[in-house]
Amino acid sequence: MKLADNKATLSFSNGSPSVELPVYQGTIGPDVIDIRKLYAQTDMFTYDPGFLSTASCQSAITYIDGDKGELLYRGYPIEQLATNCNYLETCYLLLNGELPDAAQKADFEKLVTNHTMVNEQMQFFLRGFRRDAHPMAVLTGLVGGLSAFYHDSTDINNPEHRQISAIRLIAKMPTLVSMAYKYGVGQPYQYPQNNLSYAGNFLRMMFGNPCEEYKVNPVIERAMDRIFILHADHEQNASTSTVRLCGSSGTNPFAAIAAGVACLWGPAHGGANEACLNMLEDIQRMGGVAKVGEFMEKVKDKTSGVKLMGFGHRVYKNYDPRAKLMQETCNEVLAALGLENDPLFKLAKELEKIALEDEYFVSRKLYPNVDFYSGIVQRAIGIPVNLFTGIFALARTVGWIAQLNEMISDPEYKIGRPRQLYTGSVRRDVPTKR
Ligand code: CMC
């Protein structure tokens, strides 16, 4: 980051001396006012619940222009990456800053492929869960549990440990997600098959069984890979900030990523794809397209507590570029599976059309986000609704790792420790007689 020519001046109406604050510029996007010395200079904190105006770090990984609806990974537009690259190339880019050449790509694929199996003991750990446990509960446990199995890569301050844990996490997440799924449905886990692509291997571990040969459908394989690319990183969102905060204490990488998985689970974040599909199924049960108007009235009624899931975003105040790509994939997958007349897809399109014209949504700049169509694609592929967030976690793992490693390598990083405006009781004494 570079010092800007101008400075910010903070003045007070009570006559306290004003303070000058440095301003820094990034390569694109808003400048930042450096308030690190504010407390020392004024005895005051800033107040910003939800980080609406606070940059918590500098980062060179992902850039979002929410007004334009633009998403860049290391400078490359998501549309180009989703069209011209596969997920592992995208992982390499996020981790290393550049796209791999042919030799780097082959080496990286080999490295990831060599780590797809998990310690055999993990399955006994998995068996401790109830069969009907939510896959995100299982995944939070399994990912955290990796730190109990891979002791040689738990030192976050050792670059070699960070490198090994990164590869292990990227390689093992599909295995863990599919194990969580197979356990829930009472089927045997499928060991990874390393002659398949990353997405193809995941599909086989999900839907294959020991009795039959599983043939990967290339349209579904590409769709899965695209879902992974679109979810790979999204700058300082809630789960990524959680991973950074957790890692800032010096905890091991597996523990930090497990914290990210836990955060992602919430319906306002990664859980939205599950919530969105449940919403579409509810409307379908109520009567489908004919009931859209009635449902929209509920969404607009603030007392109802109903939200249009898959709509709205903290940063995008325009169409989420990932939603456009996901809609494209949705069309391809439904066509390949002969599901063009899928009633939920029709319903989603109708909801989107109405919302994009409705004053409530227009005035608040609420547009479809990535989760609006991803649930329909995943459902068509055969992924159960309660596993959607697990797939998101699988894909986002690389982003979490890239961000965590960037933080550890940043000489300015400190343990994260927000301050507060205290509104509780002032000092008082415990009554001696109670
Ligand atoms: N349906 C109805 N009203 C909404 C919605 C929605 N989906 N989203 C926002 N609003 C309203 C909100 O009530 C508020 O209205 P008012 O100004 O009258 O109080 C206004 O729009 C601004 O919303 P906000 O809640 O202040 O915005 P936020 O930045 O705090 O929240 C959000 C962003 C994503 C949590 C929210 O839009 C939401 O809950 N959407 C539904 C859940 C969802 O789809 N989440 C996935 C996010 S994308 C995937 C990911 O990155 O995890």
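The values are calculated or read from the model by the stated rules, or taken from the named source; none is laboratory data. Only a predicted model underlies this, so the values are computations on that prediction, with no experimental measurement involved. Reconstructed Cβ throughout: ideal geometry from the backbone, glycine too, with neighbour counts over all protein chains shown. Side chains included, ligands, DNA and RNA excluded: accessible areas come from the protein's heavy atoms. Shrake-Rupley method; radii C 1.70, N 1.55, O 1.52, S 1.80 Å.
Which shape class, rounded, prolate or oblate, goes with region 1-144 when its Cα gyration tensor gives a ≥ b ≥ c as root eigenvalues, a/c under 1.5 marks rounded, and past that a/b bigger than b/c marks prolate?
Oblate shape, in that a/c is at least 1.5 and b/c is the bigger or equal ratio.
Set the Förster radius R0 to 45 Å, insert the Cβ-Cβ distance between TYR422 and GLU357 as r into 1/(1 + (r/R0)^6), and round the FRET efficiency to 0.05.
Result of the calculation: an efficiency of 0.45.
For the chain, which whole percent of the accessible surface, found with a 1.4 angstrom probe, sits on carbon and sulfur atoms?
52
Any chance you could run the full-extension gain for TYR76 through LYS317? It's 0.36 nm times the residue separation minus the Cα-Cα distance, nm to one decimal.
Once the chain is fully extended between TYR76 and LYS317, it gains 84.7 nm.
ASN195 to LEU337: FRET efficiency via 1/(1 + (r/R0)^6), r the Cβ-Cβ distance, R0 22 Å, to the nearest 0.05?
E between ASN195 and LEU337, to the nearest 0.05, is 0.35.
Rg and Dmax in Å for the chain, alpha carbons only: what are they?
23.4, 80
For every other residue with a beta carbon closer than 13 angstrom to the beta carbon of GLU79, add +1 if it is Lys or Arg and -1 if Asp or Glu, then tell me the sum.
+1
Applying the Karplus parametrisation 6.51 cos²θ - 1.76 cosθ + 1.60 with θ = phi - 60° to the phi angles of region 137-149, what ³J(HN,Hα) value in whole Hz is obtained for each residue in order, glycine and proline being reported as x?
5, 5, 5, 4, x, 5, 5, x, x, 4, 5, 8, 10
Any chance you could run the full-extension gain for GLU281 through VAL219? It's 0.36 nm times the residue separation minus the Cα-Cα distance, nm to one decimal.
Numbers: separation 62, 0.36 × 62 = 22.32 nm, distance 2.50 nm.
This chain segment gains 19.8 nm when fully extended.
Taking +1 at the Cβ of each Lys and Arg and -1 at the Cβ of each Asp and Glu, which of ILE283, PRO174, LEU356 sits farthest along the dipole of the chain towards its positive end, judged by Cα position relative to the Cα centre?
ILE283
Can you list residues whose amide H is under 5 Å from TYR367's amide H, if they're 5+ apart or on another chain and H is modeled 1.01 Å from N?
Here GLY312, HIS313 satisfy the definition.
At 1.4 Å probe radius, can you tell me the per residue accessible area of the chain in Å²?
Accessible area per residue, the chain: 50 Å².
At q = 0.13, 0.19, 0.21 Å⁻¹, what is the log10 ratio I(q)/I(0) for region 260-392, with the Debye formula run over Cα points and no solvent?
-0.51, -1.14, -1.39
Pull out the extension gain between LYS2 and ALA290, defined as 0.36 nm times the separation in residues minus the alpha carbon to alpha carbon distance; nm, one decimal. It would help to have the intermediate numbers written out before the result.
Values: separation 288, 0.36 × 288 = 103.68 nm, distance 5.54 nm.
Gain on extension, LYS2 to ALA290, equals 98.1 nm.
Work out the FRET efficiency for GLN123 and SER304 from their Cβ-Cβ distance, taking R0 = 56 Å, and round it to the nearest 0.05. Display every interim value, and only then the final one.
Values: r = 44 Å, r/R0 = 0.79.
For R0 = 56 Å, the calculated efficiency reads 0.80.
From the backbone phi of region 89-97, what are the Karplus-calculated ³J(HN,Hα) couplings (6.51 cos²θ - 1.76 cosθ + 1.60, θ = phi - 60°) in whole Hz, Gly and Pro given as x?
5, 5, 4, 4, 4, 5, 6, 10, x
Whose amide H sits under 5 Å from the amide H of ALA8, counting only residues 5 or more places off or on another chain, with H placed in the peptide plane?
Here the answer is LEU21, VAL23, since their amide H atoms fall under 5 Å of that of ALA8.
Whole-Hz ³J(HN,Hα) for each residue in region 30-42, computed from phi via Karplus 6.51 cos²θ - 1.76 cosθ + 1.60 with θ = phi - 60°, x for glycine and proline: what do you get?
x, 5, 10, 8, 7, 9, 4, 9, 4, 5, 4, 8, 10
Highest GNM mean-square fluctuation, the chain, Cα pairs closer than 10 Å: which of VAL143, VAL289, VAL398?
VAL289
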